[in-house]
Every structure is written in C-alpha cells, then in structure tokens.
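The values are calculated or read from the model by the stated rules, or taken from the named source; none is laboratory data. What you see is a predicted model; the values in this text were computed from it and never measured. Every residue, glycine among them, receives a Cβ derived from its backbone with ideal geometry; neighbour counts consider all protein chains shown. Note: accessible area is taken over every heavy atom of the protein model, side chains too, but ligands, DNA and RNA are not part of it. Shrake-Rupley method; radii C 1.70, N 1.55, O 1.52, S 1.80 Å.
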Amino acid sequence: MVVEKNKKDWNDYAGKWGSYNHSEPILRPVLERPERAFHGTVWGQLCRLFPGFEGKKICVPSSGDNLAVFAFARLGAQVLSCDIAENQLENARKVALREGLAGQITFLCADTMKLEGVGNGEYDLVYTSNGVHVWLDDLPGMYRNIYRVLKPGGKNVAYEVHPFQRPFGEGLKLVRPYDAVGPFEDEVTVNFHWRMQDFLNAILGAGLRLEHVEEMFDEKNYDAPFFLKTADIIGGKRASREEVDRMYDWRQNPAMGLPAWMCLVSEKE
C-alpha cells in the first residue's frame, strides 16, 4: 500500500513537478554544466570515484525529475532511469528526445526497493539523489538490490537530506522524537524519517563496504533555498535576498547550525 499510494501521488503530481524542473531556468544550466545537478561536495566525491564518465553504466533509482540522469548522460554515461511513476518517466523521456540524449538513457518503471527488471552485476555506479529514502519502507531491501545490480568494485553514492533535519520544525522547534521514523501518512502520501543508523545498517547489512561519509550544509540558493518547501517554490513562493541571507545565518536561523545534507559512499567489493 505504501508503494501504490506514493506511486499514485507522484503520477498525479508529475505534471507540476516536470513543468518546474524541466523549465529552461532549471534544466538548461544542468545540460550546459552537468555538475550543477549535484551538491558541490557530492560532485567532488563523484569525480574522485570516476575521473571520467564516458561509457560508464549508471543506474539512478527513484529518478524523479531526472536532472541527475540528464547530467550523467551529458557526461557520456549510459544511464538507466528507474522510477515507480510512469508519468515522471514519460516527462523525462520527452526531454531526452528533445535534447538528443535518448540514445544514452533507458527508462524503466521499477520499485527502488526491488529494482525488478534490472540485471545483476551490470552497473559501475548506483546513484540516488535527495528526497528518495523518505518514500521507502524497506531500506535493507533497497540496498540488497543495489548490491545485486552493481559490478564487483561498483560504487553506490547516496545523497540525501540529513536525518538531523527531520525531527525539527520552524525555528528548530522539536516536533517529533528523532527515533519516530514513521510511517507518517496523510490523504495522499506515506513518508518515513529514517535515522542515520537505519541508513548505515541497511548499507552494511547488504554487504556493501562503507567507504566515505560527508555531512554538508546547504549551498546558498536565492531561487530555491533549502528552508522553503519545494511545493511552495513550485507554487510560486519566493524569498527576498535579505530573507535568504537570514535563512543561511545560523545566528538568525538555528536550523542552519545542523547539516542539511549527507553523502554516503559505499562499494561492492
């Protein structure tokens, strides 16, 4: 029921999501400078692992807006884009055709926790972008299947919202205990707020070797600051430069004193 409910929500929301993320101001900078699809620290880790992406096979589960998929394809990789929402994949397919990337991207409707239809031992890299794990109820299953599809020596890079952000609301007011992982259900979605131990135990339990961990602050973005909800930004909400500057000053916004993101790098030995 978790998968089906979230799948329906993402299929229903795909139009608005695609209209924003595939608009020229968002998409064009990624196509022209693919590194802009990634947090600077994540991009640094990817470059450390792969001096070049030409010919690499990359799987991107829960591909969503597919900005990372387009970026990897622009860099010369062969990319498998997996998502449970057919409408998300169809929106991305149209962009790939229009931008001449269709020959480098394969689109597959698949559950990230199962990766059904994805071959064993084929991929140099499995990459998950921010906002993936919150929709999933089986992290051990997810990472067992990531292990399955990686080549020996293949890498897994997970970029995600830091769990320390999850228990807090506005003004760093505690709204739930850290160990309250969910499920949190409303009329249309089911979410989970996994802890650091849930991520690490799932990765290690799958047989992957944890290689590197980064905990990062957000890079200041005047158009889409971390502290505005994505749905509000897509709906047209904006903050002034002065407001954004205050958001990124930990003395005025205590939440800025906590890491916003994390990057977990692991390897199939």
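Overview of values
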| read-out | value |
| --- | --- |
| Conditions (1) surrounded by fewer than 17 Cβ atoms within 10 Å (Cβ to Cβ); (2) modelled with pLDDT of 95 or more; number of the one not met by K155 | (1) |
| V30 in contact with a strand residue (DSSP E or B) (Cβ under 9 Å, 6 or more places away or on another chain) and either open to solvent by less than 10 Å² (accessible area, probe 1.4 Å) or without any contact (Cβ under 8 Å) to a residue 40 or more places away in the chain (or both) | no |
| Residues satisfying the stated conditions in region 88-121, i.e. within 19 Å of A158 (Cβ to Cβ) and either outside any loop (DSSP other than H, G, I, E, B) or in contact with a helix residue (DSSP H, G or I) (Cβ under 7 Å, 6 or more places away or on another chain) (or both) | D111, T112, M113, K114, L115, V118 |
| Close pairs from region 41-60: first farther than 14 Å from T128 by Cα, partner at pLDDT below 95, Cβ under 9 Å, at least 6 apart | T41/E219 |
| Output for region 159-211, where each listed residue is in a strand (DSSP E or B), of a type outside the set (F, W, Y) and surrounded by 14 or more Cβ atoms within 10 Å (Cβ to Cβ) | E160, V161, V190, N191, L210, E211 |
| Criterion: in contact with a Leu (Cβ under 9 Å, 6 or more places away or on another chain) and either open to solvent by 50 Å² or more (accessible area, probe 1.4 Å) or part of a helix (DSSP H, G or I) (or both) - qualifying residue of R238, R251 | R238 |
| Residue, least open to solvent (accessible area, probe 1.4 Å), within region 215-227, restricted to residues that are touching a His at 6+ places or on another chain (Cβ under 9 Å) and among the acidic types (D, E) | D218 |
| Out of R241, R209, R246, R166, sole residue that is of a type in the set (D, E, K, R) and in contact with an Asp or Glu (Cβ under 9 Å, 6 or more places away or on another chain) | R209 |
| Test for V149: is it within 30 Å of E269 (Cβ to Cβ), open to solvent by 20 Å² or more (accessible area, probe 1.4 Å), β-branched (V, I, T) and touching a residue at least 12 places away in the same chain (Cβ under 8 Å) | no |
| Residue list for region 31-71, restricted to those being of a type in the set (G, A, S), more than 20 Å from V149 (Cβ to Cβ) and over 18 Å from the mean Cα position of the chain (by Cα) | G52 |
